1. Please give the length that would be gained between GLU61 and VAL325 if that part of the chain were fully extended, namely 0.36 nm times their separation in residues minus their C-alpha to C-alpha distance (nm, one decimal).
2. How much of the pair distance distribution for region 99-176 lies past 15 Å, counting alpha-carbon pairs only, in percent?
3. Could you compute how fast region 142-260 diffuses translationally, taking Rh as the Kirkwood radius over C-alpha pairs and applying Stokes-Einstein at 4 °C with viscosity 1.567 mPa s? Give it in µm² per second.
4. From zero outward in steps of 5 Å, how is the percent of C-alpha pairs of region 167-339 spread across the bins?
5. Of all the C-alpha pairs in region 2-160, what % are more than 25 Å from each other?
6. Between the DSSP loop rule and a limit of at most 13 other Cβ atoms within 10 Å, which GluC sites (Glu not before Pro) in region 20-111 are left?
7. With contacts defined as alpha carbon pairs under 8 Å and 6 or more residues apart, what's the relative contact order of region 167-339 in percent?
8. How high is the relative contact order of region 45-174, in percent, with contacts defined as C-alpha pairs under 8 Å that are six or more residues apart?
Amino acid sequence: MDTLEIIGANSKSTLFIGEKLENISAYLPSSQVVIITDARVRNLYQDRFPKGKIIEIGMGEEIKTLETVQHIFSELINMEADRGLFMVGIGGGIVCDVAGFAASTYQRGVRFAFAATTLLAQVDASVGGKNGVNFSGYKNMVGVFNQPEFVICDPEVLGTLADQDRGCGLGEVVKHAAIADDDLFGYLEENVADILELKPQAVHKIVYDSVVIKSGIVNRDEKERGERRKLNFGHTFGHAVEKVHKLPHGEAVSIGMMVAANLSMKKGYLKNAEIARLENLLTALKLPTRIAIDKESVMEAMRHDKKRENDTVHFVLLRRLGEAVVEPVPLSDLESAVDNMIG
Ligand SMILES: NC(=O)c1ccc[n+]([C@@H]2O[C@H](COP(=O)([O-])OP(=O)(O)OC[C@H]3O[C@@H](n4cnc5c(N)ncnc54)[C@H](O)[C@@H]3O)[C@@H](O)[C@H]2O)c1
Ligand SMILES: [Zn+2]
């Protein structure tokens, strides 16, 4: 097992990578434990849960709402949970986002932790202290920065993931490698088969390296004033494609990374050979790199992006594989990069 720490403004968070879900009780206080999970995770792994009351939430992005948080509050009140409560989110990114937000706001905040059970939650969603829900059609519109006390990342539970959910996590792993770690990029290229099979050793390596990268960035810029924006590589365009074409997040980010890579080439940063490496890796990991898009609707969605300032977007570009820069980019440049590669 490996341990990493994130130092947030208000608190510290410890990540246990390679710890088993069934060992979670060792990290919990003896006070009242309340578990937030979803039906699928509960059915698969309830025998590994710690002792405590369980509140089940629904599944899918549509339930990442204030209504779900209200449901949790009602259940907590029904069980007369007080501020001594310790909340544990056991599940994927949705469970973690909702549980983190509910814990941060119930009675002005109670203690909480996560056991991240999807690859995406292990490499991304459970790390960094962003907790929130969607509102009125906008993703993650309402939320707080607040670090969980700890996160457990057990590679074993990933064996039951659907292929699509594996792809979502792998998209973020490639993102981390592309923005900050050319060694990890090389490892991914050389170990595609083990990674696709989610072999424990390969999972440990990609989760650990991803978390080192993400936690390093978060430690330097918790509130996303500068460097943390690099984690949005592939996401500005990706979110727009995700929204318009209803693609899974990882697939949309994969396409978004290719658009950003093309733009990086136009700026004179990335070489053709590097774009080819990125495209080959994403393809080997069974992620799409091109789709026929409805360009007008995607550009319109980009204009509504909350990170937009006037007619430019803060865009994450690659100087090379393993190094990112954030630059304001006019939407018109972006449009021509899209013209260049779609089809
Ligand atoms: N807070 C952040 O910094 C951050 C970062 C990235 C993503 N996110 C959020 O994370 C969410 C997506 O997370 P996700 O991809 O984990 O989706 P998810 O939570 O919906 O999980 C995907 C599916 O996998 C199932 N599942 C979970 N663990 C499983 C297991 N071990 N075996 C089999 N099935 C399992 C779940 O029941 C669910 O149906 C999005 O809402 C996104 O906005 C948040
Ligand atoms: Zn993402």
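The values are calculated or read from the model by the stated rules, or taken from the named source; none is laboratory data. What you see is a predicted model, and the numbers here were worked out from it, not measured in a lab. With ideal geometry, Cβ positions are generated from the backbone for all residues, glycine too; neighbour counts draw on all protein chains shown. Side chains are part of the model used for accessible areas, which takes the heavy atoms of the whole protein and leaves out ligands, DNA and RNA. Shrake-Rupley method; radii C 1.70, N 1.55, O 1.52, S 1.80 Å.
1. Working: separation 264, 0.36 × 264 = 95.04 nm, distance 3.02 nm.
Contour length minus Cα-Cα distance gives 92.0 nm.
2. Working: 1825 of 3003 pairs.
Within region 99-176, distances greater than 15 Å cover 61 percent of Cα pairs.
3. Details: Rh = 15.3 Å.
For the chosen part, D equals 85 µm²/s.
4. Spelled out per bin, shortest first, that is 1, 9, 19, 23, 21, 16, 8, 3, 1, 0.
5. Values: 2516 of 12561 pairs.
Value for region 2-160: 20 percent of Cα pairs lie more than 25 Å apart.
6. GLU80
7. 29 percent
8. Details: 204 pairs, mean separation 29.0, N = 130.
For region 45-174, the relative contact order is 22 percent.
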